[in-house]
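Contents: one structure, followed by commentary.
Any read-out appearing in this document is the output of simple, stated calculations on the displayed coordinates, not a laboratory observation. These figures come from a predicted structure and were not determined experimentally. We place every Cβ from the backbone using ideal geometry, glycine too, and count neighbours over all the protein chains shown.
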Amino acid sequence: MRSNRARTCAVHFSLPRAKFVAAVDRSASTAALFCDRYRASSSFTDTAEMLTKAKPDVVHVLTPPGTHEELIRLAMAAGSHVICEKPMTANAADSAALLEEAAGRKLVLVESANTMWNENVLALHPLIDAGTLGRVREVDIELSLDLANGPFGDLNLGDSGVKLPGGAVHDFLPHMCGAWLFLAGQEEANGLKGTLRNASGNRRVGYDLLDCIITDGPVRGRLKLSPDINPPAFAITVRGSLATAETELFNPFLRVTGGQNVGKRAPFELISSGIGMTRAGLRGFRDKVFQHTPYHGLVRMLDDVYAALQNESSLPSCSRLPRCWRGHEWSIRLLRFEIDRP
């Protein structure tokens, strides 16, 4: 299990809408410790055994991407709905086959899209819908994260490293692509130009740098993942014909510039931004104290999905899950065909 996401899910499972019935890990002690800490009913080291004995309604797959397909098929064969961490698979054909199987079994299979449910991302959409920004012209999503300094690049680990076509970048790209489509209001993106390469020299991470610009269509933009700049950040900028909105997910703030505060009124914009950043700093301090992490969107997403399953209604619409899936397909196409590799 991926520990951060597993802990976040476990917090959600403590809510009335869901009951945490079992955890599976190859390590019996890890599974038992996790179950004891989060009050699960039982722990297992074998997925098939868990499915037979625990009979879960929903299985959340939190394992490395290379294991996803087998676990998803096992869960669906047992009659369980599946929520899978991204990327669901390494290629679009495998993902399409899994979705077709889920539809044939009348089961729900969704890829996790916690970024779409992040409160700062959700705060951008009313600004777009209300016309505060005017017509959206550009969406930039920039992630700075030292991928080599962590589990992706830990040379002390015995395995061969990230087993994805796009290396460590691939693990984050569905979030970036899905968020871009969501905020740009697009079904797809064209005119992609950029580069994907290994900047750190760490063999485990595979590719760890992406710089891609989107030049065609009504909305332009940029997707950028940098492993060698600080501070760590997940920055999103939406530029419109009237104003620009900026947010950051690791140290959250939301700032809107432009609109009426231009020309002689520009100093008022600086004052307003300063007050807003001070408030954001205080909220950020509170969030760190109470461990309100960037993963909080996952809890909101799970609640929406479980509510839909309980009520036998359609999955959360508002374009978030559909655009997340298109983001998954786009990220695979981008890595395979559109980006130059050395």
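See the values below:
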quantity: Mean-position separation - Cα centroids, region 173-193 and region 69-144, in angstrom; calculated: 12
quantity: Under 30 Å from LYS288, Cα to Cα: lysines that are on another chain or at least 8 residues apart; calculated: LYS19, LYS86, LYS224
quantity: Inter-label distance for GLU70 and ASN190, nm, one decimal - labels placed 7 Å from Cα along Cα-to-Cβ; calculated: 4.1
quantity: Sum of side-chain charges, ALA199 neighbourhood, beta-carbon under 9 Å (Lys, Arg +1; Asp, Glu -1); calculated: -1
quantity: Added length on full extension, which subtracts the Cα-Cα distance from 0.36 nm per residue, LEU282 to ASP216; calculated: 19.8 nm
